[in-house]
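Following: one structure in structure tokens, then a few remarks.
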Amino acid sequence: MQKIGVFVCHCGTNIAGTVDVKAVAEALGKEPGVVFSAEYPYMCSEAGQNLIKNAIKEYGLTGIVVCSCSPRMHEATFRKTAAAAGLNSYMVEIANIREQCSWIHKDIKVATEKAIVLGRTAIAKVALNAPLTASESPVVKRALVIGGGIAGIQTALDIADAGYEVDLVEKEPTIGGKMAQIDKTFPTLDCAACILTPKMVDCAQNEKIHIYAYSEVEKVKGFVGNFTVSIKKKARFVDETKCTGCGVCTEKCPQKKTPNLFNLGLDTRSAIYIPFAQAIPKVATIDADYCNMLKNGKCGVCSKVCAAGAIDYKQQDQIIEQQYGAIVVATGFNPIKLDGYDEFAYNESPDVVTSLELERLMNAAGPNGGTLLRPSDKTHPHTIVFVQCVGSRDTTDCGKPYCSKICCMYTAKHAMLIRDKYPDTEVYVFYIDVRTPGKNFDEFYRRAVEEYGVHYIKGMVGKVMPQPDGKLLVRGADLLMNEQILINADMVVLAAAIEPDKSARPLATMLTASMDTNDFFTEAHPKLRPVESPTAGIFLSGVCQGPKDIPETVAQASACAAKVIGLLAKDKLLSNPCVAHSDENLCNGCSSCEKVCPYGAITYVDKEFRMPDRTTKIRRVASVNAAVCQGCGACTVACPSGAMDLSGFSNKQIMAEVDAICR
Amino acid sequence: MTFSYYPGCTLKTKAKELDGYARRSAQALGITLAELPEWQCCGGVYTTAKDEIATKLSSVRALEAAKKEGNALVTLCSACHNVIKQTKYALDTDDDMNFKVSNYMGIDAREACDTNVVHYLEMLRDVVGFDELKKKVVNPLTGRKIAAYYGCLLLRPGKTMQFDNPENPKIIEDFIRAIGATPVIYPMRNECCGAYVTLEDGEQAKKNSSAVWESAAGFGADCIITACPLCRYNLIKAESEIPVIYFTELLAEALGVK
Amino acid sequence: MHNNDKEQILRSSGVNVLKCMRCGKCSGTCPSYEEMEYHPHQFVYMVEKGEIDKLINSPSIYKCLTCFACVERCPRGVEPAKIVEAVRLIATRRQGENHLKAEDIPCVVEDDTPGQLLVSAFRKYKK
Amino acid sequence: MSMNEFKPKIVAFCCNWCSYAGADLAGTNRLNYPADVKIIRVPCSCRVNPLFILRAFQRGADGVILCGCHPGDCHYTTGNYYARRRMTLLFSMLDYLGIEKERTRVEWVSAAEGAKFATVMNDFVKTVTELGENKRLEDLRCKK
């Protein structure tokens, strides 16, 4: 005989405001099997939980239903409550009367009726619940970090510091990411390379960190604590173990017309290259699209000049398979393509550049050795116009609806640096809003205006018009003056919106980690679990989760590492007991379930059965590996004989729910 | 290949050369332009208001007639093209508009107007092909530096017109290359000439139009070509120092049918 | 009265003025800016605030070229030109006397005036 | 019973990872949809046995909707593909039995698409309401 307790939560006024909680408790109290029914302002509070515990003990409850917020919120809480009172934690069901009832309906009568139906449904289900016990699975004490920018570097260093092995996968030939391309950092103006490169060296020297540069993740299998990942090491055509990074090959290579991607194509390099002086690993790479030897077999200069004999034109991509307990995504960002913004003449004039291109133009290791010159004629620019929000906060097809967050600050930085180094250059910044939340951020922006005399104009540029004399005529609105203004500029700098790296979407599919509509990874909880993906064992570091500046990225990267360490520190993980199981007496060994299982959790065994006539017979039956099964239930539907069922979501339970709703 | 053809009123009066050269060139290219019977004036400008129905009916009739002929509808004047194409877009996307027009006309408007509206330039690009056109040129205009003037009507609203990239179009430049001349790229090529405001405020239109031809001339163009009679009128009114002619005139010249 | 006008403008233009984020790109792009008393971004804002009469009585409504540059470049899809048109329609439909009268035409027409100009102007300035 | 008073019974199966979270997000954003929709949480859209849907119609449901992660985004990699195929077959069989195709639906709603969830539900309820009561498969013996 079931003895079910029902607990209706007011959630302050969140539920009680639109649902008559007393009426719900009263109606549900009359349901068959229910022996106790109560309501309380906050069921999740200590007092509320005590109410549940006392009722379980006092009435000897065999199952409880909590009518409250979404199970995604507090199912775990109430399971613990039940367990503390001696009830199996899987004898708990939640009726979601907040997110799926009180918050979406305004009419009290309608919402109350619905809440009763939802409660009734949960009661029908819990009456068929069975006690479940979680099994244990081991944790592989090794982490994978995907992306070698500042986020990935920081996460890898922190995990390694705690004593765990870390593999750092980077798709480019060197780690460093976007920060390596940046000249100075706000709000302190220290040099990005000076603070980044020591960390890169730390990564290379740390025994616990293994860097897979020029590599990509190919395939991911498994689950939290025990992932199996295939990493593709792309052919560099240079043996990493032999190359000393001397750079002679890059000097002697005759193919000098290769676009220098590290400088965003603003200058050229040789076909065999080391992206920048402080690259880690400092190993040459051959660009197969430009190398004459690889393209048509004519050249071989690099091979002749390499004293270490590291050049290997026959090198192939290599697949490495490795086990991990946790995976960190740190895939970062890129500025958007500006093809949809031809009104700013970006494709037409070389003197219209993005902010990241300006970083390279101003960088001492950049194409002009740190002197700011116009790309078109290499002259010194006297008037520079900055345009903010190019593609950010833009709901059209070519833009991004979100604020890219970093542009206001880096533009203030650029403006300030230019005014500092070239006081004869006038700098105009068109802004919609200046957004500077952050420590010392607004002070920084104000310094640009008050100390450096940067002209901030509230308004937007409508069009940039290249002139026959090479100038750029900028037409924009000055909303505070209520004027349309024309500025004859030498250069225009566009603060292009940032977007998640294109590799993130296929990676998310491999990891079965969810993403939002902008291709940023979603966090397990937007406030309380910001560095974890909803998929167990997947963690998020840096801009792949949302726009961030460097201090925020580093903070999140360390937070992410802490979560990974917390996981790796465990020897065993309790696994989800809501897994499939097969009734051997019904199973006919058809293999339908095995074919649909995405995890390979089902195998077939030959088993001896006693027949009614007292003989024995060997039959082939399905057997589920509970540690590998993730509980999707695909097999339960595929099974033609009805042998396969899913604990926690059994056929009978779901049927009972359907019945209760349709009653 | 046969198309229904909507010339529009100005092409019958002040812009006869735009029409005449277009017909002769089409013939030379093996395309038949069958003028719609009893077409009515498009109204010159599209009224964006959702509660304006009557002003859109002449375009609906043109579309319906073309559909009956079973042809795509070719337009030449930028204004006619803009008005008819926007009307078609409104019928396709605005249920209320479609409902009202259908009731008034006693037809299922969306269905009855389901025909492609193609500008003459689009026809050259997509049906003839600029490569093919190049082969048919008998009198290439080598050495001529020509500025394409798009104005606003062909390009905008970009989502509706689907003509070319509204901020950096290239169809007329490609056309110029096909007839052997050199295109001149200048930033004002997609800015407005002042349009009908010339009746309201002649100075304003003159200012707008001057900015256009001055920009083209500044980049070294020796003439400007357009598809719009009003653009041409305004530029000439603004005392353009370089000739402003219809693109069909150059086409006819290049094909040797001028 | 004001509210009726505002509703009529919103309905006939189909524009959601609340989408505007006040960037001013429309006014940064408008070829008639200098000639206008109220500028494209002000049209959007003033309609939102219900300041319709000021707009109706301003010559600005006859300055818009319907060139759609503001519509094309607006990052929020607000379509200011459609707002200007809707305001102008309120004025021309209400006035009883049109902004452009048939008897004005002969003195502005010259030999080379294209018919396109006359029909366009009639459509924009007269009901 | 006049059309205005008719309140359809609608069963929505939502996968735990995307669509149930999407429904929660619709709630968090206070996006209204009719109370006629009652959600059953399942681990994955592929857990939904065609028998559950038949049972719902047998017990008098007027519409059944199945929501899962977008194709390619399934938490279990391939579950929603199985669901899609199964439901295509089931729905055409139901259509043959007289349960109009409009009464059954598969929709992909991600955890970020609260607004889509509400839109889908509003539209589905409207469609089913217009179709009226489902009498085809209802087992009157199940009625009290």
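Yes or no: A:Tyr212 out of contact with any Gly (no Cβ under 6 Å at 6 or more places or on another chain) and under 30 Å from D:His75 (Cα atoms)? Can you show your working first?
Numbers: out of contact with any Gly (no Cβ under 6 Å at 6 or more places or on another chain): yes; under 30 Å from D:His75 (Cα atoms): yes.
Criteria met by A:Tyr212.
Output the residues belonging to segment A:455-508 that are more than 12 Å from every other protein chain (Cβ to nearest Cβ) and within 22 Å of A:Asn347 (Cβ to Cβ). Let's see the steps before the verdict.
Keep residues of segment A:455-508 that are more than 12 Å from every other protein chain (Cβ to nearest Cβ), which gives A:455-456, A:488-496, A:498-504, A:507.
Passing the criteria: A:Asn488, A:Ala489, A:Asp490, A:Met491, A:Val492, A:Val493, A:Leu494, A:Ala495, A:Ala496, A:Ile498, A:Glu499, A:Lys502.
Would you be able to tell me the number of residues in segment B:222-236 that are buried (at least 24 other Cβ atoms within 10 Å of the Cβ) and either of a type in the set (A, V, I, L, M) or part of a helix (DSSP H, G or I) (or both)? Outline the logic, then answer.
Step one: filter segment B:222-236 for residues buried (at least 24 other Cβ atoms within 10 Å of the Cβ), giving B:224-235.
Now narrow it down to the ones that are either of a type in the set (A, V, I, L, M) or part of a helix (DSSP H, G or I) (or both): B:224-225, B:227, B:229-235.
Residues in segment B:222-236 being buried (at least 24 other Cβ atoms within 10 Å of the Cβ) and either of a type in the set (A, V, I, L, M) or part of a helix (DSSP H, G or I) (or both): 10 in total.
Against the definition (surrounded by fewer than 24 Cβ atoms within 10 Å (Cβ to Cβ) and either assigned by TED's automatic domain parsing to the domain that holds C:Tyr125 or on the phi < 0 side of the Ramachandran plot (or both)), how does C:Arg22 come out, yes or no? Show your work before the answer.
On the way: surrounded by fewer than 24 Cβ atoms within 10 Å (Cβ to Cβ): yes; either assigned by TED's automatic domain parsing to the domain that holds C:Tyr125 or on the phi < 0 side of the Ramachandran plot (or both): no.
When the stated conditions are applied, C:Arg22 does not pass them.
Every residue in segment B:144-156 that is buried (at least 21 other Cβ atoms within 10 Å of the Cβ) and within 14 Å of chain A (Cβ to nearest Cβ), please. Even if it seems obvious, please write down each step before you answer.
As a first pass, look at segment B:144-156 and keep what is buried (at least 21 other Cβ atoms within 10 Å of the Cβ): B:146-156.
B:Ala147, B:Tyr150, B:Cys152, B:Leu155, B:Arg156 - these are the residues of segment B:144-156 that are buried (at least 21 other Cβ atoms within 10 Å of the Cβ) and within 14 Å of chain A (Cβ to nearest Cβ).
Only one of (1) in a loop (DSSP other than H, G, I, E, B); (2) of a type in the set (Phe, Trp, Tyr); (3) away from chain C (no Cβ under 14 Å) is not met by A:Tyr402, so which one is it?
Against the list (1) in a loop (DSSP other than H, G, I, E, B); (2) of a type in the set (Phe, Trp, Tyr); (3) away from chain C (no Cβ under 14 Å), A:Tyr402 comes up short only on (3).
Every residue in segment A:115-128 that is assigned to a loop (DSSP other than H, G, I, E, B) and either buried (at least 24 other Cβ atoms within 10 Å of the Cβ) or away from chain D (no Cβ under 14 Å) (or both), please.
From segment A:115-128, those assigned to a loop (DSSP other than H, G, I, E, B) are A:127-128; that's our starting set.
Correct list: A:Ala127 only.
Is there any pair with a first residue in segment B:199-215 that is within 7 Å of chain C (Cβ to nearest Cβ) and a second that is surrounded by fewer than 19 Cβ atoms within 10 Å (Cβ to Cβ) whose Cβ atoms are under 7 Å apart and which are 6 or more apart or on different chains, and what are they?
Final answer for the pair search is B:Leu199/C:Val108.
Test B:Gly180 against the criterion of being away from chain A (no Cβ under 14 Å), in a loop (DSSP other than H, G, I, E, B), at positive phi and surrounded by fewer than 23 Cβ atoms within 10 Å (Cβ to Cβ), and give yes or no. Working first, answer last.
Values: away from chain A (no Cβ under 14 Å): yes; in a loop (DSSP other than H, G, I, E, B): yes; at positive phi: yes; surrounded by fewer than 23 Cβ atoms within 10 Å (Cβ to Cβ): yes.
So B:Gly180 passes the test.
Cβ-Cβ under 6 Å, sequence separation 6+ or interchain: first residue in segment A:152-181 and closer than 12 Å to A:Ala330 by Cβ, partner buried (at least 22 other Cβ atoms within 10 Å of the Cβ) and of a type in the set (S, T, N, Q). Which pairs?
That search, which allows pairs on different chains as well, returns A:Thr155/A:Ser541; A:Val169/A:Ser215.
Quick one: A:Lys298 ticks every box in (1) free of Cβ contacts under 8 Å to residues at least 24 places away in the same chain; (2) within 30 Å of A:Asp424 (Cβ to Cβ); (3) touching a helix residue (DSSP H, G or I) at 6+ places or on another chain (Cβ under 7 Å) bar one, so which box is it?
If we test A:Lys298 against (1) free of Cβ contacts under 8 Å to residues at least 24 places away in the same chain; (2) within 30 Å of A:Asp424 (Cβ to Cβ); (3) touching a helix residue (DSSP H, G or I) at 6+ places or on another chain (Cβ under 7 Å), just (2) comes out false.
For segment D:12-55, enumerate the residues that are part of a helix (DSSP H, G or I) and more than 7 Å from chain A (Cβ to nearest Cβ). Don't jump to the end; show me each part of the working.
Let us first name the residues in segment D:12-55 that are part of a helix (DSSP H, G or I), namely D:19-28, D:45-47, D:50-55.
Scanning segment D:12-55 gives D:Ser19, D:Tyr20, D:Gly22, D:Leu25, D:Ser45, D:Pro50, D:Leu51, D:Ile53, D:Leu54.
Hey, can you tell me all the residues within segment C:81-93 that are in contact with a helix residue (DSSP H, G or I) (Cβ under 8 Å, 6 or more places away or on another chain), more than 7 Å from chain B (Cβ to nearest Cβ) and not small (Gly, Ala, Ser)?
C:Ile83, C:Val84, C:Val87, C:Arg88, C:Ile90, C:Thr92
Can you find a residue in segment A:365-377 that is in a loop (DSSP other than H, G, I, E, B), among the polar types (S, T, N, Q), within 25 Å of B:Arg189 (Cα to Cα) and at pLDDT 95 or above?
To start, the set of residues in segment A:365-377 that are in a loop (DSSP other than H, G, I, E, B) comprises A:365-377.
When the remaining residues are screened for being among the polar types (S, T, N, Q), the result is A:368, A:371, A:376.
Within this subset, residues satisfying the condition of being within 25 Å of B:Arg189 (Cα to Cα) are A:376.
From the residues that got through so far, the ones that are at pLDDT 95 or above too are A:376.
Yes, the conditions are met somewhere in segment A:365-377.
Based on what the data block shows, is B:Cys192 at the interface with another protein chain (Cβ under 8 Å from one of its Cβ atoms), farther than 22 Å from B:Leu141 by Cβ, outside any strand (DSSP E or B) and touching a Phe, Trp or Tyr at 6+ places or on another chain (Cβ under 7 Å)?
No, not satisfied.
Conditions tested, residue by residue: (1) more than 10 Å from every other protein chain (Cβ to nearest Cβ); (2) hydroxyl-bearing (Ser, Thr, Tyr).
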| site | (1), (2) |
| --- | --- |
| A:Ser68 | yes, yes |
| A:Arg72 | no, no |
| A:Thr77 | yes, yes |
| A:Lys80 | yes, no |
| A:Met91 | yes, no |
| A:Ala95 | yes, no |
| A:Asp107 | no, no |
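A quick yes/no check of all residues on (1) crowded, with 24+ Cβ neighbours inside 10 Å; (2) at negative phi; (3) outside the structural domain of A:Tyr445 (by TED's automatic domain parsing):
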{"position": "A:His105", "(1), (2), (3)": "no, yes, yes"}
{"position": "A:Val110", "(1), (2), (3)": "no, yes, yes"}
{"position": "A:Ala134", "(1), (2), (3)": "no, yes, yes"}
{"position": "A:Gly147", "(1), (2), (3)": "yes, no, yes"}
{"position": "A:Val169", "(1), (2), (3)": "yes, yes, yes"}
{"position": "A:Leu189", "(1), (2), (3)": "no, no, yes"}
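Output yes when any residue across segment A:95-107 is among the small types (Gly, Ala, Ser) and either farther than 30 Å from A:Val220 by Cβ or out of contact with any strand residue (DSSP E or B) (no Cβ under 8 Å at 6 or more places or on another chain) (or both), and no when none is.
yes
One line per residue, one yes/no per condition, for (1) closer than 22 Å to A:Ala580 by Cα; (2) touching a residue at least 24 places away in the same chain (Cβ under 8 Å); (3) surrounded by fewer than 24 Cβ atoms within 10 Å (Cβ to Cβ):
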residue: D:Pro50; (1), (2), (3): yes, yes, yes
residue: D:Leu54; (1), (2), (3): no, yes, yes
residue: D:Phe57; (1), (2), (3): no, yes, no
residue: D:Gly63; (1), (2), (3): no, yes, no
residue: D:Gly68; (1), (2), (3): yes, yes, no
residue: D:Arg86; (1), (2), (3): yes, yes, yes
residue: D:Tyr96; (1), (2), (3): no, no, yes
residue: D:Lys135; (1), (2), (3): no, no, yes
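To keep it simple, each residue is scored yes or no on (1) over 18 Å from A:Leu479 (Cβ atoms); (2) more than 24 Å from the chain's Cα centre (by Cα).
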position	(1), (2)
A:Asp397	yes, no
A:Lys400	yes, no
A:Ser404	yes, no
A:Ala412	yes, yes
A:Leu417	yes, yes
A:Lys421	yes, yes
A:Thr425	yes, yes
A:Phe430	no, yes
A:Asp433	no, yes
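On the given criteria, is A:Ile457 surrounded by 15 or more Cβ atoms within 10 Å (Cβ to Cβ), more than 28 Å from the chain's Cα centre (by Cα), farther than 29 Å from C:Cys30 by Cβ and among the β-branched types (Val, Ile, Thr)?
On the way: surrounded by 15 or more Cβ atoms within 10 Å (Cβ to Cβ): yes; more than 28 Å from the chain's Cα centre (by Cα): yes; farther than 29 Å from C:Cys30 by Cβ: no; among the β-branched types (Val, Ile, Thr): yes.
When the stated conditions are applied, A:Ile457 does not pass them.
Considering only residues that are buried (at least 21 other Cβ atoms within 10 Å of the Cβ) and in contact (Cβ under 8 Å) with a residue 40 or more places away in the chain, which ones fall in segment A:513-544?
A:Ala513, A:Phe521, A:Ser533, A:Gly537, A:Ile538, A:Phe539, A:Leu540, A:Ser541, A:Gly542, A:Val543, A:Cys544
What number of residues within segment A:574-584 are modelled with pLDDT under 90 and surrounded by fewer than 16 Cβ atoms within 10 Å (Cβ to Cβ)? Don't jump to the end; show me each part of the working.
Residues of segment A:574-584 that are modelled with pLDDT under 90, as a first pass: A:574-576.
Among the residues that remain, those that are also surrounded by fewer than 16 Cβ atoms within 10 Å (Cβ to Cβ) are: A:574.
Selection size over segment A:574-584: 1.
For segment A:500-525, name all the residues that are under 12 Å from the mean Cα position of the chain (by Cα) and assigned to a loop (DSSP other than H, G, I, E, B).
A:Asp501, A:Ser503, A:Thr512, A:Ala513, A:Ser514, A:Asp516, A:Asn518, A:Asp519, A:Phe520, A:Thr522, A:Glu523, A:Ala524 - these are the residues of segment A:500-525 that are under 12 Å from the mean Cα position of the chain (by Cα) and assigned to a loop (DSSP other than H, G, I, E, B).
The values are calculated or read from the model by the stated rules, or taken from the named source; none is laboratory data. Here the structure is a predicted model, which is why all the values come from computation and not from measurement. Methodologically, a virtual Cβ is constructed for each residue, glycine included, from the backbone with ideal geometry; neighbour enumeration extends over all protein chains shown.
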